[in-house]
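Note sheet for the following structure.
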Amino acid sequence: MSDSKYTWLALFGIVALSGTLMVMASSRESAIMDELAHIPAGYSYVRFLDYRLNPEHPPLLKALAGVPLLFLGPNFPTAHKSWTEDVNGQWDAGTEFLYRSENDPDLIVFLARLAPILITLLLIIVTYLFAREIVGKKWALLPAFLLGLSPSVLAHGHYVTTDVAAALGALLATWAFTSLLLAPSGKKTLLAGLALGVAELMKFSNALLIPFFLLLIASLALADYVESRASGTERFPRRKWRRYLGAFVATCLIAFALVYAAYLLFTWNYPAELQARDAEFILQSFPYRPVIDAVISMTDNPVTSPAADYLLGLFMVLQRAAGGNTGYFLGEISAAGWWYYFPVVFLLKEPFPSLLLILVALAFGAASALRKGERGYVRKLAGYIGIRFQEFAMLLFIVIYWAWSMKSPLNIGVRHLIPTLPMIYILATSALRKLIESKSEGVQGRRLVYLFSEHIVGPLFRRQVTFHRLKSLALALVLLWLVAETGSASPYYLSYFNQAGGGTRNGYRYVTDSNYDWGQDMKRLGEWAKENGVERIAVDYFGGGNPEHYLGPAAVPWNSEKGNPADEDIEWLAVSVNTLASAMAKPASGFQRDPSGEYAFLRARNADFKEGMYAVPEPDARAGTSIFIFQVK
């Protein structure tokens with residue numbers, strides 16, 4: 001068998017393993033919070049061609065998730081007020097659709113998740129194909145492997161949410177547009193436009209690709225100018241850059257046509273008067289009234305109304321990003337956010353093996369970049385842009401995306417960084433390849449490695465171990481470590497934290513929300529109650545599951561204001577970790593919390609009271625990782 005066939009076989013193994021792990025996890029989990037809105041919205045798009053639900057996210061991922069449900073033919077609550085009267089009544093519509101319309105919610109959720117799982121597998125394949133152009137066939141397996149076994153990707157890759165889909169869109173668009181700039185052609189322009197359109201239909205954050213593309217063109221222009229000036233010509237190739245700008249405009253027009261066509265389809269049966277009413281209500285707090293008036297006026301015209309819905313969703317995202325989100329982080333609860341949130345959460349959530357490879361690659365790359373050489377830093381950068389343009393493009397995207405994320409007070413999970421993960425892994429692989437294949441190590445380095453390989457590793461394997469083999473062996477051990485890490489987290493990928501973050505069982509002490517608890521364990525709570533013969537249990541739940549569905553008459557809706565369930569002769573209390581974070585974490589400066597919501601009787605259990613989530617007493621049992629169960633009587 002040729003090396004190429006072995007490579008494709010290895011890629012198939014990565015994809016098959018990743019897919020199996022996601023399907024297994026999906027089958028054991030209840031709907032997460034966002035799926036309560038996304039699943040009915042996606043089904044309504046493809047069945048009714050009506051876009052009244054969940055406009056704050058583009059339609060493509062949700063619509064693809066809704067396609068398998070067409071074959072199931074579930075009942076949809078078109079007579080409920082969440083559909084007929086409410087403005088964006090997505091949450092009530094989700095509850096009605098999944099749990100009160102005589103449907104099978106577990107089957108609906110499982111079928112809806114097939115599309116995101118397939119998109120995740122496609123992302124792994126595209127990561128390999130893009131990396132293959134940069135690092136070669138064999139080395140391209142490394143970023144695919146890191147992505148396919150990433151706990152964050154395995155977690156969010158099997159939910160009907162937009163983060164992994166956004167990563168696919170961003171990677172495809174970056175690959176297609178950089179290929180276009182390197183060798184312009186009509187075919188590549190079409191592909192770049194379609195890729196950009198797909199990216200914009202996946203998630204609104206991919207709107208960053210537009211200024212990113214312009215920065216790429218400007219970077220190429222400056223690099224060319226630096227090189228021409230160094231060579232003495234000092235001529236700026238205006239015709240060449242006009243062609244690039246023309247390709248950019250054509251790319252954007254093709255993308256707009258695709259986005260417009262998708263919104264035209266999914267708003268076909270969305271009544272114009274309802275669309276105008278919804279836009280007016282949703283954007284009432286938007287700071288710029290002319291924007292609201294423009295969007296509403298566009299809804300009156302059937303030609304412009306699809307574009308109006310796209311703009312409505314984009315403005316909703318900008319509005320929410322500016323407003324932030326109440327969350328728990330490092331002992332505090334706040335709605336203002338923390339600028340260092342994403343770097344810290346990334347360091348706590350990324351597996352140590354992957355972090356080790358990334359940090360080694362970063363150190364090696366930084367050392368190479370800081371060597372000035374004969375050309376100087378400016379010409380060195382210009383040469384890097386010209387020779388390794390696609391690597392530069394990925395690095396620039398990561399910098400832009402991370403800077404934008406850190407600036408935003410919307411701190412709701414490491415999932416927002418997933419669009420940069422494939423590029424981080426590809427760049428790390430490129431640096432690691434140079435490091436491992438490099439033959440110049442320095443005298444001291446060679447001496448230490450010689451002693452280590454001759455007297456320790458060599459006798460162990462009974463053969464001579466060269467420095468190259470030693471580095472390859474170290475890489476193999478790190479990858480085996482990643483396999484063990486991912487395997488130990490199964491199937492609780494959403495709650496995975498590395499050892500510095502307390503591990504999967506204790507990561508909630510550092511940060512919660514979609515990093516740990518999104519409501520995925522309600523099905524497990526039902527199983528626990530059945531196994532333990534629980535007849536009544538107070539439930540304070542955060543998520544897209546339904547306690548009544550999984551617990552039946554045993555479920556008693558609860559919250560902190562009701563006090564201790566034991567006072568009503570209830571023996572057990574189940575509380576979501578997110579709820580406990582809101583109740584027990586130390587309020588940040590300026591954040592006000594109602595004392596009645598602090599679960600005082602649970603606090604009293606902890607004799608060694610500490611700030612943050614250390615104030616939470618050890619539960620008597622857990623449903624999965626994210627629902628704490630206390631025996632209160």
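For this structure, a couple of remarks:
- Any chance HIS80 is touching a Phe, Trp or Tyr at 6+ places or on another chain (Cβ under 8 Å) and either open to solvent by 30 Å² or more (accessible area, probe 1.4 Å) or over 16 Å from LEU36 (Cβ atoms) (or both): no
- In this entry, PRO409 is excluded by the filter for residues that are open to solvent by less than 40 Å² (accessible area, probe 1.4 Å), out of contact with any Cys (no Cβ under 9 Å at 6 or more places or on another chain) and part of a helix (DSSP H, G or I).
- Looking at region 32-110, the helices (runs of 4 or more DSSP H) lying wholly inside it that each contain 1 or more residues that are free of Cβ contacts under 8 Å to residues at least 24 places away in the same chain sit at 60-72, 81-84, 90-99.
- Residue that is nearest to TYR270 (Cα to Cα) [pool: residues in region 302-323 that are small (Gly, Ala, Ser) and surrounded by 15 or more Cβ atoms within 10 Å (Cβ to Cβ)]: SER305
- Any chance ALA192 is closer than 30 Å to MET24 by Cα, open to solvent by less than 10 Å² (accessible area, probe 1.4 Å) and assigned to a helix (DSSP H, G or I): no
- As for region 2-9, it holds no residue that is in contact (Cβ under 8 Å) with a residue 60 or more places away in the chain, closer than 26 Å to ASN515 by Cβ and not polar (S, T, N, Q).
- Against the list (1) closer than 17 Å to ALA31 by Cβ; (2) assigned to a helix (DSSP H, G or I); (3) not aromatic (Phe, Trp, Tyr), the condition ALA131 fails is (1).
- Residue match in region 419-429 (condition: surrounded by 17 or more Cβ atoms within 10 Å (Cβ to Cβ) and among the small types (Gly, Ala, Ser)): yes
- Taking region 235-288 as the range and being outside any helix (DSSP H, G or I) and either aromatic (Phe, Trp, Tyr) or more than 23 Å from LEU318 (Cβ to Cβ) (or both) as the test, the residues that pass are ARG235, PHE236, PRO237, TRP268, ASN269, TYR270, PRO271, PHE286, TYR288.
- The lone criterion from (1) under 30 Å from the mean Cα position of the chain (by Cα); (2) open to solvent by 50 Å² or more (accessible area, probe 1.4 Å) left unmet by PHE266 is number (2).
- Test: LEU215 is in a helix (DSSP H, G or I), of a type in the set (A, V, I, L, M) and open to solvent by 40 Å² or more (accessible area, probe 1.4 Å): yes
The values are calculated or read from the model by the stated rules, or taken from the named source; none is laboratory data. Predicted model only: the values in this text are computed from it and were never measured. Please note: Cβ atoms are built from the backbone with ideal geometry, for glycine as well, and neighbour counts cover all protein chains shown. Surface areas here come from the heavy atoms of the whole protein model, side chains and all, with no ligands, DNA or RNA. Shrake-Rupley method; radii C 1.70, N 1.55, O 1.52, S 1.80 Å.
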